[in-house]
1. What aspartates and glutamates sit close enough to Lys102 to cross-link, taking a C-alpha to C-alpha distance under 19 Å and skipping anything fewer than 8 places away on the same chain?
2. Find, among the GluC sites (Glu not before Pro) in segment 21-130, those assigned to loop by DSSP (not H, G, I, E, B) with at most 12 other beta-carbon atoms within 10 angstrom.
3. Using every alpha carbon pair in segment 36-107, what percent of pairs falls into each 10 Å bin from 0 up to the bin containing the largest distance?
4. Can you tell me the alpha carbon radius of gyration of segment 47-193 divided by the globular rule-of-thumb value 2.2 N^0.38 Å?
5. Do any trypsin sites (Lys or Arg not before Pro) in segment 81-128 lie in a DSSP loop with no more than 10 other beta carbon atoms within 10 Å, and if so, which?
6. Around Cys51, which amide H atoms from residues at least 5 apart in sequence, or from another chain, sit under 5 Å from its own amide H, with H modelled in the peptide plane?
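A short reminder: the numbers here are calculations on the coordinates, not readings from a lab. Bear in mind that the values here come from a model prediction, so they are computed numbers and not experimental data. Cβ placement follows ideal geometry from the backbone for every residue including glycine, while neighbour counts extend to all protein chains displayed.
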Amino acid sequence: MSAHNHQTHKRFPERLAFILNNRARKYLEPPDRLISKLNLRPNDVVMDFGCGPGFYTIPLAKRVAKTVAVDVSPHMLEKTLSDAKKNGVIVEPLESDGTELKLSDESVDLIFLNYVFHEITERPRVLSEFLRILKRSGRLAIVERTRGGILMSKVGPPIMDRTELAEELERAGFSLAETIAHRNTTMIIARKP
């Protein structure tokens, strides 16, 4: 599948937010299982980019000093903030498509994207912003579906080519640090040089 096809993938519909954050999903796919692979430190500043209703945001906020929840949808950010309040954690909301992130240079330790990268239409600009806000040796963790049959490509996020994704990150100025297979997905961790 070419990069062009990924850019035309439709954004996840807000009306289906309940699919992304519910008890059944938390039971079947505990967020801590994936988060544990990120080697977070208690003093880290983490950005959950494309946070949706906060499925990963809240568990991240429980582990680190500061969590920034970024989404293009104010509705999704409202859901995340409501869930954060219920869970007794503080999350800083930021409405953005990533082309302009109102954060200081070198202020973030980790940027986390789960099934979001394929929805970004202006990837070079967004990746440039990511480099700007990441601290030296900061990390970018992208989780995307990289395996699955024909049925899997019709339901849910598209299947992305892991090699193409890695090459795109390197062209943007990142250095690849690690690739972690997780079920039918791959988490690519890239580092700011």
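1. Asp44, Asp48, Asp71, Glu78, Glu92, Glu122, Glu129
2. Values: sites: Glu78, Glu95, Glu100, Glu106, Glu119, Glu122, Glu129; in loops: Glu100, Glu106, Glu122.
Within segment 21-130, the qualifying GluC sites (Glu not before Pro) (loop, at most 12 other Cβ atoms within 10 Å) are Glu100.
3. Here the calculated profile for segment 36-107 is 22, 53, 24, 0.
4. Details: Rg = 14.9 Å, N = 147, 2.2 N^0.38 = 14.7 Å.
Expressed relative to 2.2 N^0.38 Å, the Cα Rg reads 1.02.
5. On the way: sites: Lys85, Lys86, Lys102, Arg125; in loops: Lys102.
Within segment 81-128, the qualifying trypsin sites (Lys or Arg not before Pro) (loop, at most 10 other Cβ atoms within 10 Å) are Lys102.
6. Placed amide hydrogens put Val70, Asp71 under 5 Å from Cys51.
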